[in-house]
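Values quoted throughout were computed directly from the atomic coordinates according to the rules given, and no laboratory measurement underlies them. A quick note: this is a predicted structure, and the numbers were derived from the prediction, not measured. Here Cβ is always computed from backbone atoms with ideal geometry, including for glycine, and neighbour counts include all displayed protein chains.
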Amino acid sequence: MQPASKAFESPITKTFAEFSELADYSFMDSLQVDPEAKDNGNDHYPRQVFSGHYVPVTPTAIPTPKYIAHSQTLFDELHLSHDLVLDEQFRRLFSGDISVARGPMRPFGWATGYALSIYGTEYIQQCPFGTGNGYGDGRAISVFEGLFSGRRWEMQLKGGGPTPYCRGADGRAVLRSSVREFLVQEYMHSLGVPTSRSLTLYVSGSETVRRPWYSENSRSIDPDILVDNPTAITTRVAPSFLRVGQVELFARRARSNAHKSALRELQMIVKHLTERNYQGSINPSLGFTDQVVELAHLFRGRLTSLIANWIRVGYCQGNFNSDNCAAGGFTLDYGPFGFCELFDPRFQPWTGGGDHFSFFNQPVAAEANYRMFCAAMRPLLTDDRTALKRLDEMQDEFAEAMNQEIEAMWAKKLGLKSYDANLVNELLQLMHLSKADYTMLFRKLSHIPDQLTALKQSFYMHSSEQIDAQWVSWLQRWQDRIKRNGDLQMTSEEMKRVNPKYTWREWLITPAYKKAEQGDYSLIQELQELFSNPYDEQSIGMGKKYDLLKPKHFFNAGGISHYSCSS
């Protein structure tokens, strides 16, 4: 007889036919299709989309696709056989050929529109029509939604060709950006940070696209050459891909009475968001306005927790607009992202980001996105003054809620039972003075060192006697605090569970995608292994190769220390 824990496990999905049977399209079944869309999904040229929640689109397959990698962790979670990645039909689907779809799958995918707000200011300049009706998924096409062990997942091709929102571009993604997104999503999951996930990565054996990028040893801020890049498709997976900007689009239309069904379409997308991302957390017996208020409350909690996690692991979302903010409260859209190495509160890897999207400004950017989310909810609450007041109160209290999450995060990183502003602020000042490596410094603190010597291995510059004295004083006061916890060994282990050993270092990722361009995927596989256990010490060889300070010649290097959004 099987143990109880095994008796109800889902069977392993071994064939494409079995995979197809898992299809269940709640998005297309419960929401409105664009009434001007083509029935067959042949909709690949820029046009305005005035209404509806989605446009049916067939992806454009990359020619001669070659398998590079898949997430073994996610395949196991979804109970998918690892042999599926080499199955002809599975490979064709996730390299963009949806003609292999079989019932109950649909023979087309779908793309969605959304609005853009930057720091709480509405924009339509990026829309080629100047109306906001042409902005949305330009090269991201969802091709599958299904139930896996009772849990709903949506699968979306990044680089699957043009959609009506492509603004005249080719809809392709290059291998470089595809490798980065594939690796980082699973890395963030291993770090314990809510995120979209990676399923598969395929590259074309024959198709290339030309993109601006950086020449070898470039010190330019902007790309200085054009490069022919292999095209690739990575499949990202999430409970849904609903964004703040998406809800915002329908709220804008409702406020302006853009068409007779505008308010109803807003109600439908908010209801769908509640069911897709907050099922089990919001009581369905509540009235609709109460559900909306509870949705805003839960989203605030998820968003503030997410940002605290970003800062905990050194992550910077270089372009945190409302359209890059998942309404489900997880990390989405890994475009111009980076991880802080040399500690700098103003760290920002994206050349177009500026200080407003820098490392320590992410809580402020999040608050702006939350403000736009609340504004999108208001048309649904106009007849309920009590609900509007509660919504306004939650918005006004965002900064306080965010601050509580940040303080709790610093306390955990330092092994403290409660937050100590003086200790934290002085540490951050010392890290800045000593040009400390963010990840290495906190990992070394996790060993609770008695001597400053251990910490100096994480400094990018030689210290002075004066700074050393400040460090020694700080170490003594910090140790006095954590000794009150009792068991230092237990405190050390707890700190190691929140302070990773290994971080994302762009100069160590670059060789992986450069080798992949030559058909060598060994470094991608090695990084997959490294990033699957980022809190573990791992082997001596891994430590010597990946637990290193950034070499001087990579500072200010185009494509490594900074990069454009070209992908």
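Below are the figures for this structure:
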read-out	value
Tensor-based shape of segment 120-242 (alpha-carbon gyration tensor, a/c under 1.5 rounded, otherwise prolate or oblate)	oblate
Cβ crowding within 10 Å averaged over residues, with 294-302, 534-542 ranked highest first	294-302, 534-542
Sparse-neighbourhood loop sites, chymotrypsin sites (Phe, Trp or Tyr not before Pro) in segment 8-40 - DSSP loop, at most 12 other Cβ within 10 angstrom	F8
Dipole in debye (nearest 20) - the chain, about Cα centre, beta carbon charges: Lys, Arg +1; Asp, Glu -1	360 debye
Charge dipole of the chain about the Cα centre (unit charges at C-beta), most positive-ward option of S178, C374, A238	S178
Beta bridges by DSSP in the chain, antiparallel share as percent, to the nearest 5	90 percent
Relative contact order (%) - segment 419-484, alpha-carbon pairs under 8 angstrom, separation at least six	38 percent
Distance (nanometres) between label positions extended 7 Å along Cα→Cβ at Q48 and S418	5.9 nm
Prolate/oblate/rounded label for segment 242-333 (Cα gyration tensor, a/c 1.5)	oblate
Cα gyration tensor shape of segment 1-93, rounded if a/c is under 1.5, else prolate or oblate by comparing a/b with b/c	oblate
Computed over segment 183-232: relative contact order in percent, which uses C-alpha pairs under 8 Å that are six or more apart	32 percent
Mean ellipticity per residue at 222 nm, deg cm²/dmol - from DSSP H runs of n ≥ 4 across the chain, formula -39500 (n - 2.57)	-12000 deg cm²/dmol
Dipole of segment 419-484, positive direction: furthest Cα of L427, Q479, S446, with charges on the beta-carbon	S446
Peptides ranked, highest mean first, by Cβ atoms within 10 Å: ranges 514-523, 356-365, 326-335	326-335, 356-365, 514-523
J(HN,Hα) series, segment 11-24, from Karplus relation 6.51 cos²θ - 1.76 cosθ + 1.60, nearest Hz, glycine and proline x	x, 6, 7, 9, 10, 5, 4, 5, 4, 4, 5, 7, 5, 7
With Cα atoms, 0 to 90° folded angle of helix 506-517 axis to the chain main axis	40 degrees
Positive-end residue of S71, S51, F27, charge dipole of segment 26-81 with Cβ unit charges	S71
Dipole in debye (nearest 20) - segment 208-291, about Cα centre, beta carbon charges: Lys, Arg +1; Asp, Glu -1	400 debye
Computed over segment 419-484, Cα set: Rg, Dmax in Å	11.0, 33
